[in-house]
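Asks: Structure below; questions to follow.
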Amino acid sequence: MKVLIVDDSSMMRKVVERALRQAGVNLTEVIQANNGAEALAVLRDAAGSEPAFDLIISDINMPVMDGLEFIEQRKKEGLAPGVPAVMITTEGSTPNVMRALAAGAKGYICKPFTTDQIKACVMPLLSAA
Amino acid sequence: MAAAIAGELASTSMSTVTDAVYLDQAVEEVFGLMLGVPVEVVGEELQRGEETAMMTAMIGLAGAISGTCAMLVRSDGAVHMASCMAGTELNAVDETVLDGLGEITNMLAGAWKAKIPELNGACMLSVPTVVTGTQYEVHRRAPAFLVERGYRVGEHLFTVRIYGVIH
């Protein structure tokens, strides 16, 4: 599985990667981005390659471009449209969840999280892909 | 919508915001789930004092309340916390430790506000700032509320302080 992890915290990117492995995701490649703008650049570069990614996991509260702007812009540009995106964030309020889902996010996980929560959210998405 | 929520908050929830049980629960969750270590409440809060090895991670709160969520910890405690979170032994304060300390404080702030329904949708968090040392001053409006607790993780003490103004 090829995964794009978007978070301004290098520590959280490591924690998320570890949680995915513990959840049983067979990671073959992990691409990291510091913010939404970097993630968009990664997706634009990968446009046309098959498969670009199997999963995108993004934080919301990031400098430069936050996670909600990122997935909204991704939808607008039609980048990797079939790749499920999951938000992992401390911002668990209803408006944020609604905005993320409207922009095409397939899952929403609040920090702090458990490996079981990651598994329950991510595995059905990967199975359906 | 936000103003109405803030008005409701100001009139009804000062006691909720200052109830330390929500902070205790948030600390327990973050350290238990993300660091895999237990914490205990201790009677004393860690103060800045004259210690140059002190580190302070801060998250700004905006919206229904304006304020700060701060965690104070000595550098050896910060290294311990970051090591637990990273799952690898770290030996000194570096970018990974600073990053980890900020992220832990971010999760504390998020977990705390998530426990207070009036705040959860009406309070936003800033990205973290981490200050090393004690030679700084924080200038702020007189806080209308303050909740502060001391904790111990392993052999390390740390303090979490949330203060601000309710709008």
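Asks: What distance in nm separates the two pseudo spin-label positions at B:Glu89 and B:Val37, each 7 Å out from Cα along the beta-carbon direction?
Replies: 1.4
Asks: Which length gain, in nm to one decimal place, applies between B:Lys115 and B:Ala142 when the Cα-Cα distance is subtracted from 0.36 nm times their residue separation?
Replies: Here the answer is 7.3 nm.
Asks: While we're on this one: If you restrict to DSSP beta bridges whose two residues both lie in the protein assembly as shown, what percentage is antiparallel, to the nearest 5?
Replies: Antiparallel: roughly 70 percent of the beta bridges in the protein assembly as shown.
Asks: Might you report the magnitude of the Cβ-based charge dipole of segment B:51-126 about its Cα centre, with Lys and Arg at +1 and Asp and Glu at -1, to the nearest 20 debye?
Replies: 380
Asks: Now, a different point. Evaluate the distance, in nm, between pseudo-label points positioned 7 Å from the Cα of A:Ala41 and of A:Val64 along their respective Cα→Cβ axes.
Replies: Here the answer is 0.6 nm between the modelled labels.
Asks: If you place +1 on the Cβ of every Lys and Arg, -1 on the Cβ of every Asp and Glu, and leave all else neutral, what size is the dipole of chain B about its Cα centre, to the nearest 20 Debye?
Replies: Values: 9 positive and 20 negative charges, 112 e Å.
Result for chain B is approximately 540 debye, rounded to the nearest 20.
Asks: Now for a separate question. Taking 0.36 nm per residue of sequence separation and subtracting the Cα-Cα distance, how much length would be gained by fully extending the chain between A:Arg21 and A:Ser127, in nm to one decimal?
Replies: On the way: separation 106, 0.36 × 106 = 38.16 nm, distance 1.56 nm.
Gain in length upon complete extension: 36.6 nm.
Asks: Quote the FRET efficiency, to the nearest 0.05, computed for B:Thr18 versus A:Ser10 with a Förster distance R0 of 25 Å and r equal to the Cβ-Cβ distance.
Replies: Computed FRET efficiency for B:Thr18 and A:Ser10: 0.15.
Asks: Now for a separate question. Regarding segment B:12-164, what whole-number volume in Å³ per residue does the convex hull of its Cα atoms give?
Replies: On the way: hull volume 16.2 nm³, N = 153.
So the per-residue Cα hull volume is 106 Å³.
Asks: For segment A:2-128, report the convex hull volume of the alpha-carbon atoms normalised per residue, in Å³, without decimals. It would help to have the intermediate numbers written out before the result.
Replies: Values: hull volume 12.0 nm³, N = 127.
Taking the convex hull of the Cα positions in segment A:2-128, it is 94 Å³ per residue.
Asks: About its Cα centre, what dipole magnitude does segment A:2-128 give when the only charges are +1 on Lys and Arg Cβ and -1 on Asp and Glu Cβ, stated in debye to the nearest 20?
Replies: 280
Asks: With unit charges on the beta carbons (Lys and Arg positive, Asp and Glu negative) and the dipole taken about the Cα centre of segment A:2-128, which residue among A:Ile60, A:Val3, A:Leu20 sits farthest to the positive side?
Replies: The one lying farthest along the dipole's positive direction is A:Leu20.
Asks: Something else: Can you tell me the 0 to 90 degree angle between the C-alpha axis of helix B:2-12 and the longest principal axis of chain B, rounded to 10?
Replies: 90
Where a number appears in this text, it was derived from the coordinates with a stated rule and is not lab data. Please read these numbers as outputs of a predicted model, since none were measured by experiment. When we count neighbours, we look across all protein chains shown, and the Cβ atoms used for this are built from the backbone with ideal geometry, even at glycine.
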